[in-house]
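Some notes on the structure that comes next.
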Amino acid sequence: EAELAEDVEGPVLTITADPGPVCSISAVDFPGARNLSSRRLESTVSVHPGATRGWRGQDVSDASLEVDRLALLDLYRSLGFPDVEIGAPVLEADGDDRVRVVFPVEEGLRWFVSEVRLVGVPAETAAALERSPLALVETAPWDPRQLEVARRRLEGLLADTGYPDGRVAARVDTSRPGEAR
C-alpha cells in the first residue's frame, strides 16, 4: 500500500508492505529426471526440504534458484548429457506456509566417448601423457567442454616436452547417436 500525504516539510510517501508468512520448503522435485537419483540431484542444489533458507542460511530467491539450476546443468553435462535442459525453477504452494520447489528436467540423450585417437604426438609428449593421462577417455561420459580442456592440455604438454609452437586441432564425430568419436 502506498499513501502520499502532505507534511509541514512537504509531501511524504508512506509505503506499507505485508510480506505474508515465511514459507518453508516441503519438497524439491525434478520431474523428467530418469537417469540420476533424486538424492544426487538434491545434493547439487542449495535449497532443501524442511528449510526456509538454503545452505549456510542464504535466502531462497530467484538468484539462488538460478544458481541451483546452473549447478544442475553442469552436473548433467559432466555426466554425458550435453543437450540437457533444466527449466526455470517453479514454486508451487503446498498449504498455507509451505512451498514445493520444482526444477523441470529434459535430459536428452546420454552420450559416451567411444574412441579417442591421438595422431602426430611426439614420443616425449606421449610419455608425459602416460604419466598423467587426459580426462577424455573411452567409455567415459561425453562432455564437449572436456575436448577444449584436453586440447589445451596437449598443447601445454607439447610445449613442456620441447615443442613450444605445437598446435592441437580436434575433430569430433557424433554421427552415431550417443557416441562421440
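The values are calculated or read from the model by the stated rules, or taken from the named source; none is laboratory data. Source: prediction; values computed, not measured. Positions of Cβ are backbone-derived with ideal geometry, glycine not excepted, and every protein chain shown enters the neighbour counts. Protein only, heavy atoms only, side chains kept; ligands, DNA and RNA dropped before computing areas. Shrake-Rupley method; radii C 1.70, N 1.55, O 1.52, S 1.80 Å.
Amide H to amide H, which residues 5 or more places from Asp29 or on other chains are under 5 Å from it, using H placed in the peptide plane?
For Asp29, whose amide H was placed from the backbone, the distant partners under 5 Å are Val101, Val102, Phe103.
As a test question: what accessible area, to the nearest 10 Å², does Thr174 have when a 1.4 Å probe is rolled over all protein chains in place?
Its accessible surface works out to 70 Å², give or take rounding.
Suppose a student asked you for the relative contact order of the stretch 41-181, using Cα pairs under 8 Å spaced at least 6 residues apart; what percent would you report?
19
Count charges around Arg117 for me, please; just the other residues with Cβ under 13 Å from its Cβ, Lys/Arg as +1, Asp/Glu as -1.
In short, -1.
Above 26 angstrom, tally the Cα pairs of the chain and express them as a % of all pairs, no decimals.
Here the long-distance tail beyond 26 Å is 55 percent of all Cα pairs in the chain.
Across the stretch 36-41, in residue order, what do the Karplus-derived ³J(HN,Hα) couplings come to in whole Hz, using 6.51 cos²θ - 1.76 cosθ + 1.60 with θ = phi - 60° and x for Gly and Pro?
10, 6, 4, 4, 5, 5
If the viscosity is 1.567 mPa s and the temperature 4 °C, what translational diffusion coefficient in µm²/s does Stokes-Einstein give for the stretch 115-181 when Rh comes from Kirkwood over Cα pairs?
Result for D is 102 µm²/s.
Taking 45 Å as R0, compute the FRET efficiency from the Cβ-Cβ separation of Val172 and Glu92 and round it to 0.05.
0.65
Could you order peptides 117-123, 4-10 by the average number of other Cβ atoms within 10 Å of their residues, highest first?
117-123, 4-10
Probe radius 1.4 Å, ligands and nucleic acids ignored: give me the carbon and sulfur share of the accessible area of the chain as a rounded percent.
Percent of accessible area from carbon and sulfur atoms in the chain: 51.
I'd like the Karplus ³J(HN,Hα) series for the stretch 102-108: coefficients 6.51, -1.76, 1.60, θ = phi - 60°, whole numbers in Hz, and an x wherever there's a Gly or Pro.
Computed from phi, the couplings for the stretch 102-108 are 10, 10, x, 10, 10, 5, x Hz.
Place a point 7 Å from the Cα of Phe112 along the Cα-to-Cβ direction; which residues of the stretch 9-36 have their backbone N under 20 Å from it?
34-36
Please list, short to long, the whole-number percent of alpha-carbon pairs of the stretch 1-99 in consecutive 5 angstrom bins beginning at zero.
Reading upward from the zero bin: 2, 11, 18, 19, 13, 9, 7, 6, 6, 4, 3, 2, 1, 0.
Given the rule -39500 (n - 2.57) for each run of at least 4 DSSP H residues, summed and divided by the residues of the chain, what is its mean residue ellipticity at 222 nm, to the nearest 500 deg cm²/dmol?
About -8500 deg cm²/dmol.
About its Cα centre, how strong a charge dipole does the stretch 69-181 have in debye, to the nearest 20, once Lys and Arg get +1 and Asp and Glu get -1 at the Cβ?
I would put it at about 420 debye.
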